[in-house]
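The values are calculated or read from the model by the stated rules, or taken from the named source; none is laboratory data. Note that the structure is predicted; figures quoted are calculated from it, not measured. Positions of Cβ are generated from backbone atoms using ideal geometry, with glycine treated the same way; all protein chains shown enter the neighbour counts. What goes into the accessible areas is simple: the full protein's heavy atoms, side chains included, and nothing from ligands, DNA or RNA. Shrake-Rupley method; radii C 1.70, N 1.55, O 1.52, S 1.80 Å.
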Amino acid sequence: NIVANGEFAGAGLDSVLSEHPEFLGIACSKDKFPLLIKFIDSKESLSIQVHPDDDAARILGEECGKTEMWYIIDAEPDSYIYFGIKDEYSEDEVKTAILSGSDPTLYLNKVPVKAGECYFIAGGTPHAIGGGIYICEIQQNCDTTYRIYDYGRPRELHLEQAAVSLKKLPPRNFANDNVLAECEYFSSELIKVDGEMTVDADHDKFISLTVVSGKGSISVGEAEYVFEERDSIFIPAGEEKYLLRGNAEIIKTTI
């Protein structure tokens, strides 16, 4: 990512953090930025896949696992995702089906989705994004993906690795309605700005703000910057507060 404005405008975020590791805060490892944040606009159904958790990643020789969450920004009528294993099937049954090359959609929950919903996808959970969905995805910084099924498209499948990684896990719910996801890797909450609001920063952690809709401005210290949909704002550790103005929905993420 390239910094858009301010003192470090034009520099890569990686180079800025390399020169100023203190921006990450004491709660963050300085070896690797811990998050990936993406916008995904699925024009067609994407492959059915699974990411390993940390334990499966070690078995498979990968650096780490990948837990993620999806916030549905927009969805066409009748759109859906595949998410987790149906109640009537066991984990072993699904692994056997995967290794035999069976259609995995028979074993997975097909879930209708609409804007404003959020899904927490722990490592090991089989999943896929259907067509016509626009999401913000927040995840561990890892690209390890094992493709189980790709609707006949000529791409490599990773059935053995997927069978090692796959787990049948219960859905996770979070007590606070504003909390989108909370786990050992990241915590995300939805902030709705309508006018002006002051938000506490964190001495020990950086904060990432992802603008999923609307526009406005943010003041941090003496500096003020405007933002719009799909902008990403990095607030270094050590700040006291920041001021948001405008009309927008923003996902605030910390580790």
Next item on the list: Report the residues of the range 34-62 in range of a label on ASP14: point 7 Å along Cα→C-beta, backbone N strictly under 15 Å from it.
Entry: 34-37
Check: At 222 nm, what helix-only mean residue ellipticity would the chain give, in deg cm²/dmol to the nearest 500, using -39500 (n - 2.57) for each DSSP H run of four or more?
Finding: -3000 deg cm²/dmol
Note to self: As I understand it, the value is the acute angle between the Cα axis of helix 91-100 and the longest principal axis of the Cα atoms of the chain; what does it come to in degrees, rounded to 10?
What the structure shows: 70 degrees
Checklist line | Of LYS110/LYS192; LYS30/LYS215; LYS32/LYS168; LYS32/LYS114; LYS114/LYS215; LYS30/LYS95, those spanning more than 27 Å from alpha-carbon to alpha-carbon | finding: LYS110/LYS192; LYS30/LYS215; LYS32/LYS168; LYS32/LYS114; LYS30/LYS95
Check: What are the aspartates and glutamates whose alpha-carbon lies under 19 Å from the alpha-carbon of LYS205, with same-chain residues fewer than 8 places away excluded?
Finding: ASP14, GLU19, GLU22, ASP31, GLU182, GLU184, GLU189, GLU239, GLU240
Margin query: At 1.4 Å probe radius, can you tell me the per residue accessible area of the range 160-255 in Å²?
Written below: 54 Å²
Margin query: Once each part is reduced to its C-alpha centroid, what is the distance from the range 121-200 to the range 74-114 in angstrom?
Written below: 15 Å
Margin query: Could you work out the pair-distance distribution P(r) of the range 1-66 from its alpha-carbon pairs, with 10 angstrom bin width and percents rounded to whole numbers?
Written below: 16, 30, 32, 21, 1
Notebook entry, point to check: Based only on Cα atoms, what Rg/Rh ratio does the range 98-255 have, Rh being taken as Kirkwood's radius?
Noted result: 1.04
Note to self: Students often forget the sequence filter, so: which lysines lie under 18 Å Cα-Cα from LYS38 once same-chain residues fewer than 8 apart are removed?
What the structure shows: LYS66, LYS252
Item checked: Where the range 1-80 is the region considered: accessible area per residue in Å², 1.4 Å probe -> 56 Å²
Next item on the list: State the percentage of accessible surface on the chain attributable to carbon and sulfur atoms; use a 1.4 Å probe and exclude ligands, DNA and RNA.
Entry: 46 percent
Margin query: So if I place +1 on the C-beta of Lys and Arg and -1 on the C-beta of Asp and Glu, and nothing else carries charge, what would the dipole magnitude of the chain be about its Cα centre? I want it in debye, nearest 20.
Written below: 560 debye
